[in-house]
Each structure stands twice: as C-alpha cells, then as structure tokens.
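Presented below is the structure to which this report refers.
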Amino acid sequence: MANGNGYAGDVSSREAWEILSSNPKATLIDVRTQPEWSFIGVPDLSSLGKRAICICWQGYPDMQVNERFAQDVAAAGVAPQDPVYLLCRSGQRSRNAALALTAAGYGPCYNVADGFEGPHDEHGHRGTVAGWQAADLPWRQG
C-alpha cells in the first residue's frame, strides 16, 4: 500500500499516537540505535497495552543499513498486513525503513516524520520544537 512516495505516507507523532490508541493491530517500530534508546528514551505505549518494537535500521557506530530489517520485523511478530508506524530521531531513517518495509511486502507503512526528538530549536537542541517528546506523548528513559 504505497503512495507516490513508495510507502503509505508521513504522519506526525500525535497522529501516530491516535492511531496506535484506536487500532489494536497498529504497531510502532523505533528504528533508532541502541545508544539512542538507552540514553535518550523510547516511546512508552504501556497505557495502550502495547510496546514500541525497537529494531535498528542502521547499526551504531558504523551506521550500516540492517540488511535483516524485514526479517527482524517478522521475528518481532509484526504481520505484513498490519499498519506499521516507523519512528527515528527526526524522520529520515524511518522514511527509509518505511520504503524498505513496504518493498518487502509490509503495509501500510507510515513514517513518523517529526521523529522522537524532532528538528533543532534556535539553540541547537532537539525535543522542544516537534516530535514525540515535544508533543508530550508518553516516553520513558532507557
């Protein structure tokens, strides 16, 4: 189910939260790296009876693409026909992961375009302008 972008489309963190809240089959996959999950935090979906699935799109520190990404998603129990929302720091890695997962037969796959931390603010800090944290959505420190 791809749009002209090669995946189902972009959504905001707030839109992803609303769909994750209302659709029991919707899944959130955090595609950042282990250090990001540990030191910055992860979305907390426990109030929805769910958890964010953490699967690296690119490995740290070399940032090589995870060639087993689709297999890792399958191993995590995600059904190919279920809606998948992909999240990274600011929306670029998750966009690439949405493209790859759609190409692998999953979908609809959505990119959470504002990411977990969003863009830099005027002071060069993330997490204040847009994204999961700035939207005041539930998250926990890793």
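Quick note: the coordinates plus some simple rules give every number you see, no bench work behind them. All values derive from a computational prediction rather than experimental measurement. Methodologically, a virtual Cβ is constructed for each residue, glycine included, from the backbone with ideal geometry; neighbour enumeration extends over all protein chains shown.
For the stretch 95-101, backbone phi angles converted through the Karplus equation (6.51, -1.76, 1.60; θ = phi - 60°) give residue-by-residue couplings of 4, 5, 5, 5, 4, 5, 5 Hz, Gly and Pro being listed as x. Net charge dipole, the stretch 9-135: roughly 240 debye, given to the nearest 20, about the Cα centre with Cβ charges of +1 for Lys and Arg and -1 for Asp and Glu.
Each residue of the stretch 27-39 is assigned a 3J(HN,Hα), and the resulting list reads 10, 10, 10, 8, 9, 6, 9, 3, x, 5, 4, 6, 9 Hz, derived from the Karplus form 6.51 cos²θ - 1.76 cosθ + 1.60 (θ = phi - 60°), x at Gly and Pro. Determine the shape class of the stretch 9-135: with a ≥ b ≥ c the square roots of the Cα gyration tensor eigenvalues, call it rounded for a/c under 1.5, and otherwise prolate if a/b is greater than b/c, oblate otherwise. Judged from the Cα gyration tensor, the stretch 9-135 comes out oblate (a/c at least 1.5, b/c at or above a/b).
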